[in-house]
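A short write-up of the structure that comes next.
None of the figures in this text is laboratory data; all of them are computed from the coordinates on show. No experiment lies behind these values; they were computed from the predicted model shown. All Cβ positions, glycine included, derive from the backbone under ideal geometry; neighbour counts span all protein chains shown.
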Amino acid sequence: MLQNITIFPGVDKGGRQENFDYITLKAGETVSIVGPTGSGKTALITDVELLAQGDTATRRRVLVNGELPPDEIRYNPALKPIVMITQNTKCFADLSVEEFLQIHARARKIDDRQVIRATIDLANKFTGEKIKDDYKVTILSGGQTRSLLIADAILIGAAPIILMDEIENAGIFRQEVINLIQNTGKIVVFVTHDPVIALLTETRVIMENGAVKKVLRQNELEITAAKNLLEIDKKIGVIREELRAGKAITNELMAVNFAS
Amino acid sequence: MRIAFLKIDVVKAFEDLELNKEFGILTRKVYSGDLCPDHAEVMILGDTVDWAENNAADLLIVESAGLCLRCSPYLNQGLGIIVLSSISGIHTPEKMGAMVSLADVAVITKIDLVSQAEREVLIQKIKEVHPNIALMETNALQGNSLNRLYDLIKNSAAIDKSNLFLKGNPPLGTCTICVGKKEIGWQHHFGVIQKLDGPIAEYLYRGE
Ligand SMILES: Nc1nc2c(ncn2[C@@H]2O[C@H](COP(=O)(O)OP(=O)(O)OP(=O)(O)O)[C@@H](O)[C@H]2O)c(=O)[nH]1
Ligand SMILES: Nc1ncnc2c1ncn2[C@@H]1O[C@H](COP(=O)(O)OP(=O)(O)OP(=O)(O)O)[C@@H](O)[C@H]1O
Ligand SMILES: [Mg+2]
């Protein structure tokens, strides 16, 4: 059973020691990682994904339930308690969507035959244009690829730690994703430039120059701010979908969404 | 640890210069030309072990181009390591034959370029070819997450150079290696032979 993971400090890009004792993330906790581009956000979650032991560029170490993770956990996908959605929006494997998911299910030792169907159906909830079973994964668009990989992470990876790198960037229905993984008892980590996601998480890690600069807890005011932002975000979402569908902006649309 | 490095390639290689410059280790290279790189290795590896030993090396790294994939350069001793890029194609593990199925260790590189799921799909493909291979993944530009490889190398047994054999079975053929002689060192072979220093015998070598 996964209770927590602990990250021990490494060094920043200049080789200077990071300024924290350790960061513990507990089951059920939501975390965002924010900071300028190139500040080391992806590097931090990659350390978690690789369960780094001082053998990455950052020299960080990661413990699982307070203990050194054994080799089997580091190197066997079937035992790895972590799924990660990376910034990549391409697949290179010459496989159909169905074959790709079947092999991944074997890698993760998932026997359930329904899981492939369920994963494709779930992916299609996140994306506009539908993904079909017999599409080659290589022809999927960036957004379709990420939708598929997110659905795969949730249903086939099905791990207690889920790391997501800038899911807002793929043009997918991110709120659907967030609703699905919240309150599932997982450790959920978002690398994000999106203020709504950042304010909605309980813990906020701020990065700079390859190092953790600060760790903040969500305060009361931020919970309210997040709710307001979420409302605005929904309104923007309605307009986005209208535009995507080829509609023009009308007075009614603006009145419904932004009348104050 | 004192390291010696040999690159066997077909027409052109720069690793000897690059690695010497970057890490200050002892390096050299051999071009196999019209020979297959595995054949060239069988010929010169005996001499190469002597060369590494005479230079007091603790570790000898041999990088081979290994092109036709029918054979493999792995020996009965030491560690056989296949380095495979994440984007080399999903069917590569099956297509590479003995290069994968006889390796002790597989190192998957370029994991920074693909999703976690795609990495795991490739790993699964490798495991289906070779269930007991020791697998690890890295972003080779940073040398991420390779402690396991370093440990395997540190803990590997010393070489007994009088007992070096090819691990795999060579194909049927008419050259000494092709007919099944697996002893390392040109002294054990005839036909097309090659020494570490010096050209391939003129009278049997038909190059450009
Ligand atoms: N992004 C990324 N690039 C890599 C990685 N490993 C190697 N490269 C790049 O890939 C290219 C080829 O790398 P090499 O190490 O020369 O590949 P190789 O397999 O030894 O090539 P040959 O010796 O010619 O067979 C170079 O431009 C490297 O910088 C990696 O893990 N990630
Ligand atoms: N502590 C560190 N030491 C050395 N290199 C580092 C460190 N942290 C990050 N880097 C390197 O700096 C580069 C940029 O980092 P990274 O990709 O993590 O940035 P990011 O915050 O995710 O940026 P973006 O918002 O553009 O995705 C990468 O090559 C990464 O490996
Ligand atoms: Mg990033």
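Here are some notes:
- Per-residue Cβ neighbour counts within 10 Å put A:Ile161, A:Ile85 in the sequence A:Ile161, A:Ile85, beginning with the fewest.
- Each stretch of four or more DSSP H residues adds -39500 (n - 2.57); spread over every residue of chain A, this sum gives -11000 deg cm²/dmol at 222 nm.
- Scattering profile of segment A:88-158 at q = 0.24 Å⁻¹ [log10 I(q)/I(0), Debye over alpha-carbon scatterers]: -1.06
- Taking Cβ separations below 4.7 Å as the criterion for a possible disulfide partner, the isolated cysteines in the protein assembly as shown are A:Cys91, B:Cys36, B:Cys68, B:Cys71.
- Three principal axis lengths of chain A [C-alpha, angstrom, descending]: 57, 46, 32
- Exceeding the 29 Å Cα-Cα cut-off - candidates A:Lys213/B:Lys125; A:Lys90/B:Lys167; A:Lys90/B:Lys127; B:Lys7/B:Lys95: A:Lys213/B:Lys125; A:Lys90/B:Lys167
- Among A:Glu242, A:Glu208, A:Glu18, residue whose mean-square fluctuation peaks in a GNM of chain A (springs only between Cα atoms under 10 Å): A:Glu242
- Residue list for segment A:24-64, given a label point 7 angstrom along the Cα-to-Cβ vector of A:Glu208 and an amide N cut-off under 20 Å: A:32-45, A:58
- Dipole of chain A, positive end: most advanced residue of A:Ile139, A:Val97, A:Leu68 [Cβ charges, Cα centre]: A:Leu68
- Length-normalised contact order of chain B in % [C-alpha pairs under 8 Å, at least 6 apart]: 22
- Test item: Cα-centred dipole of chain A, Lys/Arg +1 and Asp/Glu -1 on Cβ, debye: 160
- Label-point separation in nm, B:Phe14 to A:Asp133, each point 7 Å along Cα→Cβ: 4.9
- Here the scattering of segment B:18-107 is modelled by Debye summation over its C-alpha atoms, one equal scatterer each and no solvent; at q = 0.15, 0.26 Å⁻¹ the log10 of I(q)/I(0) is -0.67, -1.42.
- A Förster distance of 22 Å, applied to the separation of the beta-carbon atoms of A:Ile239 and A:Gln175, puts the FRET efficiency at 0.90.
- Flagged links, alpha-carbon separation over 21 Å, of A:Lys136/A:Lys186; A:Lys26/A:Lys214; B:Lys21/B:Lys195: A:Lys136/A:Lys186; B:Lys21/B:Lys195
- Averaging the sequence gap over all C-alpha pairs within less than 8 Å and six or more residues apart, then dividing by the number of residues, gives chain A a relative contact order of 25 percent.
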